[in-house]
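Notes follow the structure.
The values are calculated or read from the model by the stated rules, or taken from the named source; none is laboratory data. Keep in mind that this is a model prediction, so the values were computed, not measured. Don't worry about glycine lacking a Cβ; one is built from the backbone with ideal geometry, like all the others, and counts go over all protein chains shown.
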Amino acid sequence: MKKVLVLSTGGTIEMLQKKSGLAISPSSSMDVSSIDTLPDVEIIVRKYLSLPSPHITPEIMADIAEELRRIEVSREFHGVVVTHGTDTLEETAFMADIHLEGTLSVVFTAAMRSSSELGVDGPRNIRSAVRVACAEIKNPGVTVVLNDEIHAAGRVTKTCTSNISSFDSPGYGPLGFVDDDRVLYHRLPIWRMNLPQGPLVLEGRVGLVRTAAGFGHDVIDFLTNAGYRGIVVEAFGRGNVHPDTADAVERAIDSGVLVIITSRCHEGRVLDIYAYPGGGVDLINRGVLSAGDMAGNKIRLFLMACLGRGMEKEQIRNMLSSL
Ligand code: ASP
(Lines give C-alpha, C1' and ligand atoms only; values in the text may rest on other atoms or scores of the structure.)
Protein backbone atom coordinates (compact mmCIF):
# COMPACT_ATOMS: atom_id res chain seq x y z
CA MET A 1 0.00 0.00 0.00
CA LYS A 2 1.27 3.50 -0.87
CA LYS A 3 0.29 6.20 1.59
CA VAL A 4 -0.56 9.56 0.01
CA LEU A 5 -1.44 12.60 2.07
CA VAL A 6 -3.91 15.10 0.62
CA LEU A 7 -3.13 18.41 2.32
CA SER A 8 -5.94 20.87 1.72
CA THR A 9 -5.42 24.62 1.82
CA GLY A 10 -8.65 26.03 0.31
CA GLY A 11 -9.57 27.42 -3.09
CA THR A 12 -12.45 26.78 -5.47
CA ILE A 13 -11.91 23.03 -5.13
CA GLU A 14 -13.44 23.39 -1.64
CA MET A 15 -16.04 26.02 -2.52
CA LEU A 16 -19.78 25.80 -2.96
CA GLN A 17 -22.21 28.17 -4.63
CA LYS A 18 -23.97 30.34 -2.05
CA LYS A 19 -26.57 33.04 -2.76
CA SER A 20 -23.87 35.71 -2.65
CA GLY A 21 -21.37 33.79 -4.81
CA LEU A 22 -18.72 31.09 -4.37
CA ALA A 23 -17.38 30.60 -0.85
CA ILE A 24 -15.59 28.04 1.27
CA SER A 25 -18.02 26.68 3.83
CA PRO A 26 -16.33 26.57 7.25
CA SER A 27 -17.56 23.02 7.80
CA SER A 28 -16.29 21.77 4.43
CA SER A 29 -13.55 19.24 4.22
CA MET A 30 -12.02 17.79 1.10
CA ASP A 31 -14.28 15.13 -0.43
CA VAL A 32 -12.14 12.29 -1.73
CA SER A 33 -14.95 9.73 -1.94
CA SER A 34 -14.82 9.69 -5.72
CA ILE A 35 -11.11 8.81 -5.76
CA ASP A 36 -11.24 5.94 -3.28
CA THR A 37 -11.24 3.51 -6.15
CA LEU A 38 -7.46 3.68 -6.70
CA PRO A 39 -6.03 0.26 -5.85
CA ASP A 40 -2.97 -0.03 -3.57
CA VAL A 41 -3.19 3.57 -2.40
CA GLU A 42 -4.26 4.73 1.02
CA ILE A 43 -5.34 8.36 0.94
CA ILE A 44 -5.24 10.38 4.13
CA VAL A 45 -6.81 13.84 4.06
CA ARG A 46 -5.55 16.60 6.32
CA LYS A 47 -6.98 20.10 6.39
CA TYR A 48 -4.04 22.50 6.72
CA LEU A 49 -5.78 25.78 5.81
CA SER A 50 -9.03 26.93 4.31
CA LEU A 51 -8.22 30.06 2.37
CA PRO A 52 -9.03 31.48 -1.03
CA SER A 53 -5.61 31.63 -2.61
CA PRO A 54 -5.45 35.43 -3.07
CA HIS A 55 -5.34 35.44 0.77
CA ILE A 56 -2.23 33.24 0.81
CA THR A 57 0.74 35.50 1.50
CA PRO A 58 4.41 34.58 0.92
CA GLU A 59 4.69 33.92 4.68
CA ILE A 60 1.81 31.41 4.50
CA MET A 61 3.45 29.88 1.42
CA ALA A 62 6.62 29.49 3.46
CA ASP A 63 4.61 27.76 6.24
CA ILE A 64 3.20 25.32 3.70
CA ALA A 65 6.70 24.68 2.29
CA GLU A 66 8.06 24.11 5.83
CA GLU A 67 5.21 21.67 6.58
CA LEU A 68 6.05 19.79 3.38
CA ARG A 69 9.71 19.71 4.41
CA ARG A 70 8.72 18.17 7.79
CA ILE A 71 6.75 15.50 5.92
CA GLU A 72 9.70 14.94 3.54
CA VAL A 73 12.07 14.41 6.47
CA SER A 74 9.60 12.10 8.27
CA ARG A 75 9.37 9.74 5.27
CA GLU A 76 5.87 8.87 6.50
CA PHE A 77 4.22 9.25 3.09
CA HIS A 78 5.03 8.13 -0.41
CA GLY A 79 3.73 11.43 -1.71
CA VAL A 80 1.72 14.52 -0.86
CA VAL A 81 -1.01 16.14 -2.94
CA VAL A 82 -1.59 19.78 -2.00
CA THR A 83 -4.97 21.19 -2.97
CA HIS A 84 -4.85 24.96 -3.41
CA GLY A 85 -6.71 27.83 -5.05
CA THR A 86 -5.64 28.33 -8.65
CA ASP A 87 -4.90 32.06 -8.39
CA THR A 88 -1.59 31.79 -6.50
CA LEU A 89 -0.97 28.06 -6.82
CA GLU A 90 2.07 28.56 -9.07
CA GLU A 91 3.73 30.66 -6.37
CA THR A 92 3.17 28.25 -3.47
CA ALA A 93 4.28 25.32 -5.63
CA PHE A 94 7.46 27.21 -6.58
CA MET A 95 8.15 28.13 -2.93
CA ALA A 96 7.91 24.43 -2.05
CA ASP A 97 10.12 23.52 -5.01
CA ILE A 98 12.98 25.82 -4.00
CA HIS A 99 12.78 24.66 -0.38
CA LEU A 100 12.36 20.88 -0.59
CA GLU A 101 15.26 18.51 -1.02
CA GLY A 102 13.32 16.55 -3.64
CA THR A 103 13.05 13.14 -1.95
CA LEU A 104 9.26 13.44 -1.45
CA SER A 105 6.85 13.41 -4.34
CA VAL A 106 4.83 16.64 -4.03
CA VAL A 107 2.01 17.42 -6.45
CA PHE A 108 -0.15 20.55 -6.35
CA THR A 109 -3.65 20.47 -7.77
CA ALA A 110 -6.81 22.60 -7.80
CA ALA A 111 -10.11 23.08 -9.56
CA MET A 112 -11.24 25.74 -11.98
CA ARG A 113 -14.88 24.85 -11.23
CA SER A 114 -16.54 24.47 -7.85
CA SER A 115 -18.37 21.29 -6.95
CA SER A 116 -21.69 23.11 -7.52
CA GLU A 117 -20.90 23.51 -11.23
CA LEU A 118 -21.62 21.29 -14.18
CA GLY A 119 -18.45 19.54 -15.38
CA VAL A 120 -16.65 19.92 -12.06
CA ASP A 121 -12.92 19.19 -12.48
CA GLY A 122 -11.76 18.92 -8.84
CA PRO A 123 -12.29 15.20 -8.14
CA ARG A 124 -10.61 14.13 -11.37
CA ASN A 125 -7.71 16.50 -10.76
CA ILE A 126 -7.18 15.04 -7.27
CA ARG A 127 -7.34 11.53 -8.68
CA SER A 128 -4.76 12.39 -11.36
CA ALA A 129 -2.55 14.16 -8.82
CA VAL A 130 -2.61 11.11 -6.52
CA ARG A 131 -1.59 8.93 -9.46
CA VAL A 132 1.29 11.28 -10.28
CA ALA A 133 2.33 11.32 -6.60
CA CYS A 134 2.55 7.51 -6.78
CA ALA A 135 4.47 7.36 -10.08
CA GLU A 136 8.02 6.09 -9.61
CA ILE A 137 9.85 8.96 -11.33
CA LYS A 138 13.15 10.26 -9.99
CA ASN A 139 13.63 14.01 -9.42
CA PRO A 140 10.72 15.65 -11.23
CA GLY A 141 10.71 18.37 -8.53
CA VAL A 142 7.39 19.72 -7.29
CA THR A 143 4.76 19.27 -9.98
CA VAL A 144 1.37 20.78 -10.74
CA VAL A 145 -1.36 18.54 -12.15
CA LEU A 146 -4.59 19.85 -13.63
CA ASN A 147 -6.59 18.77 -16.66
CA ASP A 148 -4.49 15.56 -16.81
CA GLU A 149 -1.28 17.49 -17.55
CA ILE A 150 1.86 17.42 -15.40
CA HIS A 151 3.78 20.70 -15.17
CA ALA A 152 7.02 21.72 -13.43
CA ALA A 153 6.44 24.16 -10.55
CA GLY A 154 9.18 26.47 -11.84
CA ARG A 155 7.52 26.91 -15.23
CA VAL A 156 3.79 26.58 -14.77
CA THR A 157 1.40 29.53 -14.78
CA LYS A 158 -2.34 30.14 -14.77
CA THR A 159 -3.03 31.39 -18.30
CA CYS A 160 -6.82 31.70 -18.39
CA THR A 161 -9.27 33.02 -15.82
CA SER A 162 -11.86 30.33 -16.40
CA ASN A 163 -10.97 27.41 -18.66
CA ILE A 164 -10.12 24.02 -17.12
CA SER A 165 -7.05 23.91 -19.40
CA SER A 166 -5.80 27.13 -17.80
CA PHE A 167 -2.47 25.81 -16.49
CA ASP A 168 0.39 25.82 -18.96
CA SER A 169 4.18 26.16 -19.08
CA PRO A 170 4.75 28.72 -21.87
CA GLY A 171 7.73 27.86 -24.02
CA TYR A 172 8.23 24.51 -22.32
CA GLY A 173 4.94 22.59 -22.25
CA PRO A 174 3.96 19.87 -19.83
CA LEU A 175 6.38 17.27 -18.44
CA GLY A 176 3.84 14.58 -19.15
CA PHE A 177 0.24 13.44 -19.04
CA VAL A 178 -2.08 11.31 -16.97
CA ASP A 179 -3.88 8.88 -19.24
CA ASP A 180 -6.53 6.31 -18.32
CA ASP A 181 -4.06 3.45 -18.06
CA ARG A 182 -0.85 5.15 -16.88
CA VAL A 183 1.12 8.27 -16.02
CA LEU A 184 3.36 9.21 -18.94
CA TYR A 185 6.38 11.51 -18.58
CA HIS A 186 7.88 12.83 -21.81
CA ARG A 187 10.63 14.97 -20.30
CA LEU A 188 12.10 15.86 -16.92
CA PRO A 189 13.65 19.15 -15.82
CA ILE A 190 17.45 18.82 -15.95
CA TRP A 191 17.76 21.37 -13.15
CA ARG A 192 15.56 23.29 -10.75
CA MET A 193 16.13 26.39 -8.66
CA ASN A 194 16.80 25.29 -5.12
CA LEU A 195 17.93 26.94 -1.91
CA PRO A 196 20.58 25.42 0.33
CA GLN A 197 18.85 23.48 3.13
CA GLY A 198 17.88 25.61 6.11
CA PRO A 199 14.90 27.47 7.54
CA LEU A 200 12.78 29.44 5.10
CA VAL A 201 12.96 33.03 6.35
CA LEU A 202 11.52 35.70 4.06
CA GLU A 203 12.44 39.35 3.60
CA GLY A 204 9.01 40.95 3.18
CA ARG A 205 10.20 44.19 1.57
CA VAL A 206 10.66 42.87 -1.94
CA GLY A 207 8.56 44.51 -4.66
CA LEU A 208 7.51 43.38 -8.13
CA VAL A 209 6.86 46.03 -10.75
CA ARG A 210 5.74 45.59 -14.33
CA THR A 211 6.78 48.16 -16.91
CA ALA A 212 4.35 49.65 -19.40
CA ALA A 213 4.69 52.50 -21.87
CA GLY A 214 5.29 55.67 -19.83
CA PHE A 215 6.02 53.73 -16.60
CA GLY A 216 8.67 56.27 -15.62
CA HIS A 217 10.41 56.28 -12.24
CA ASP A 218 7.78 57.01 -9.54
CA VAL A 219 7.00 53.48 -8.39
CA ILE A 220 10.65 52.40 -8.16
CA ASP A 221 11.60 55.61 -6.32
CA PHE A 222 8.65 55.05 -3.97
CA LEU A 223 9.78 51.50 -3.13
CA THR A 224 13.37 52.66 -2.63
CA ASN A 225 12.31 55.48 -0.32
CA ALA A 226 9.97 53.10 1.56
CA GLY A 227 12.96 50.96 2.50
CA TYR A 228 12.44 48.02 0.16
CA ARG A 229 15.44 45.65 0.09
CA GLY A 230 14.73 44.13 -3.31
CA ILE A 231 12.83 44.99 -6.50
CA VAL A 232 12.04 42.67 -9.39
CA VAL A 233 11.37 44.61 -12.60
CA GLU A 234 9.37 42.95 -15.36
CA ALA A 235 11.03 44.89 -18.17
CA PHE A 236 10.15 45.13 -21.87
CA GLY A 237 11.23 42.41 -24.32
CA ARG A 238 14.86 41.26 -23.84
CA GLY A 239 15.02 43.25 -20.60
CA ASN A 240 14.92 46.93 -21.50
CA VAL A 241 13.29 49.97 -19.86
CA HIS A 242 12.83 53.71 -20.44
CA PRO A 243 15.87 55.84 -19.43
CA ASP A 244 13.82 57.40 -16.58
CA THR A 245 13.17 53.90 -15.20
CA ALA A 246 16.88 53.04 -15.59
CA ASP A 247 17.79 56.16 -13.56
CA ALA A 248 15.39 55.09 -10.80
CA VAL A 249 16.89 51.59 -10.87
CA GLU A 250 20.36 53.13 -10.44
CA ARG A 251 19.13 55.24 -7.51
CA ALA A 252 17.67 52.07 -5.94
CA ILE A 253 20.95 50.17 -6.37
CA ASP A 254 22.94 53.10 -4.97
CA SER A 255 20.69 52.93 -1.88
CA GLY A 256 21.50 49.23 -1.41
CA VAL A 257 18.38 47.75 -3.06
CA LEU A 258 18.97 44.55 -5.02
CA VAL A 259 17.30 44.88 -8.44
CA ILE A 260 16.56 41.87 -10.65
CA ILE A 261 15.33 42.15 -14.23
CA THR A 262 12.89 39.71 -15.82
CA SER A 263 10.79 40.19 -18.95
CA ARG A 264 7.08 40.84 -19.27
CA CYS A 265 7.15 38.51 -22.31
CA HIS A 266 5.68 35.07 -21.61
CA GLU A 267 8.62 33.25 -23.17
CA GLY A 268 12.35 33.73 -23.66
CA ARG A 269 15.34 35.00 -21.70
CA VAL A 270 16.43 38.42 -20.61
CA LEU A 271 19.79 39.22 -22.23
CA ASP A 272 21.98 42.31 -22.32
CA ILE A 273 22.13 42.99 -26.06
CA TYR A 274 20.82 46.58 -26.31
CA ALA A 275 23.31 49.33 -25.52
CA TYR A 276 20.92 52.33 -25.68
CA PRO A 277 20.04 54.17 -22.42
CA GLY A 278 17.72 51.81 -20.48
CA GLY A 279 18.68 48.82 -22.68
CA GLY A 280 19.91 45.56 -21.16
CA VAL A 281 23.63 46.45 -21.48
CA ASP A 282 23.02 49.78 -19.73
CA LEU A 283 21.02 48.10 -16.93
CA ILE A 284 23.72 45.50 -16.31
CA ASN A 285 26.34 48.28 -16.22
CA ARG A 286 24.23 50.04 -13.60
CA GLY A 287 24.30 46.87 -11.44
CA VAL A 288 21.09 44.91 -12.01
CA LEU A 289 21.00 41.11 -11.90
CA SER A 290 19.31 39.14 -14.66
CA ALA A 291 16.81 36.34 -14.02
CA GLY A 292 16.92 34.80 -17.51
CA ASP A 293 13.58 33.27 -18.43
CA MET A 294 12.06 33.09 -14.96
CA ALA A 295 8.66 34.66 -14.23
CA GLY A 296 8.72 37.81 -12.11
CA ASN A 297 6.31 36.52 -9.44
CA LYS A 298 8.52 33.47 -8.83
CA ILE A 299 11.81 35.37 -8.84
CA ARG A 300 10.32 37.76 -6.29
CA LEU A 301 9.69 34.84 -3.91
CA PHE A 302 13.20 33.54 -4.57
CA LEU A 303 14.68 36.95 -3.78
CA MET A 304 12.58 37.20 -0.60
CA ALA A 305 14.03 33.87 0.53
CA CYS A 306 17.61 34.76 -0.45
CA LEU A 307 17.52 38.15 1.32
CA GLY A 308 15.75 36.55 4.30
CA ARG A 309 18.74 34.22 4.61
CA GLY A 310 21.07 37.19 4.59
CA MET A 311 22.62 36.27 1.24
CA GLU A 312 24.85 38.86 -0.42
CA LYS A 313 24.44 40.11 -3.99
CA GLU A 314 27.32 37.98 -5.34
CA GLN A 315 25.84 34.82 -3.85
CA ILE A 316 22.46 35.64 -5.41
CA ARG A 317 24.14 36.42 -8.76
CA ASN A 318 25.78 32.98 -8.66
CA MET A 319 22.47 31.30 -7.93
CA LEU A 320 20.91 33.03 -10.96
CA SER A 321 23.88 32.39 -13.25
CA SER A 322 22.51 29.21 -14.84
CA LEU A 323 19.32 30.95 -16.02
N1 ASP B 1 -10.11 32.43 -6.56
C2 ASP B 1 -9.90 31.01 -6.33
C3 ASP B 1 -8.68 30.81 -5.47
O4 ASP B 1 -7.58 30.90 -5.99
C5 ASP B 1 -9.74 30.34 -7.62
C6 ASP B 1 -9.52 28.87 -7.55
O7 ASP B 1 -9.34 28.26 -6.54
O8 ASP B 1 -9.52 28.30 -8.64
O9 ASP B 1 -8.81 30.50 -4.32
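So here's what we get for this one:
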item	result
Any pair with Cβ under 7 angstrom, 6 or more apart, that starts in segment 85-111 at a residue that is among the hydroxyl-bearing types (Ser, Thr, Tyr) and ends at one that is more than 12 Å from the ligand (Cβ to nearest atom) and assigned to a strand (DSSP E or B)	Ser105/Gly79; Thr109/Val81; Thr109/Val145
Residue check, Arg229 touching a residue at least 60 places away in the same chain (Cβ under 8 Å) and over 22 Å from Ser321 (Cβ atoms)	no
Single residue of segment 137-168 satisfying the filter (assigned to a loop (DSSP other than H, G, I, E, B) and hydrophobic (A, V, I, L, M, F, W, C)) that is modelled with the lowest pLDDT	Ile137
Positions within segment 157-179 being touching a helix residue (DSSP H, G or I) at 6+ places or on another chain (Cβ under 7 Å) and more than 18 Å from Gly11 (Cα to Cα), in sequence order	Val178
So Ile71, is it in contact with a helix residue (DSSP H, G or I) (Cβ under 9 Å, 6 or more places away or on another chain) and either at pLDDT 95 or above or over 25 Å from Leu195 (Cα atoms) (or both)	no
Subset of segment 81-130 (residues that are more than 11 Å from the ligand (Cβ to nearest atom), part of a loop (DSSP other than H, G, I, E, B) and closer than 18 Å to Arg46 by Cα)	Leu104
Answer residue from segment 1-28, given it is at pLDDT below 80 and of a type in the set (Gly, Ala, Ser) and is farthest from the ligand (Cβ to nearest atom) among those	Ser27
Qualifying residue in segment 282-299 (condition: part of a loop (DSSP other than H, G, I, E, B), of a type in the set (Lys, Arg) and closer than 28 Å to Thr88 by Cβ)	no
Verdict on Ala62 being small (Gly, Ala, Ser), modelled with pLDDT of 95 or more, within 12 Å of the chain's Cα centre (by Cα) and within 14 Å of the ligand (Cβ to nearest atom)	no
Boolean, Gly214 is surrounded by fewer than 15 Cβ atoms within 10 Å (Cβ to Cβ), in contact (Cβ under 8 Å) with a residue 60 or more places away in the chain, over 30 Å from Arg70 (Cα atoms) and not polar (S, T, N, Q)	no
From the options Asp40, Asp31, Asp36, residue that is modelled with pLDDT under 95, surrounded by fewer than 17 Cβ atoms within 10 Å (Cβ to Cβ), more than 21 Å from Pro199 (Cβ to Cβ) and within 16 Å of the ligand (Cβ to nearest atom)	Asp31
Filtered residues of segment 166-198 (kept if among the basic types (Lys, Arg) and surrounded by 12 or more Cβ atoms within 10 Å (Cβ to Cβ))	Arg187, Arg192
Matching residues, segment 236-287, being among the polar types (S, T, N, Q) and free of Cβ contacts under 8 Å to residues at least 24 places away in the same chain	Asn285
Answer from Gly268, Gly310 - the residue that is within 26 Å of Val201 (Cα to Cα), in a loop (DSSP other than H, G, I, E, B) and modelled with pLDDT of 95 or more	Gly310
Selected residue [in contact with a Gly (Cβ under 6 Å, 6 or more places away or on another chain) and within 20 Å of Asn318 (Cα to Cα)] from Leu258, Leu223	Leu258
Residue within segment 282-302 that is over 26 Å from the mean Cα position of the chain (by Cα), modelled with pLDDT of 95 or more and surrounded by 24 or more Cβ atoms within 10 Å (Cβ to Cβ) present	yes
Of all residues making up segment 49-80, the number that are more than 16 Å from Glu203 (Cβ to Cβ), in a loop (DSSP other than H, G, I, E, B) and of a type in the set (S, T, N, Q)	1
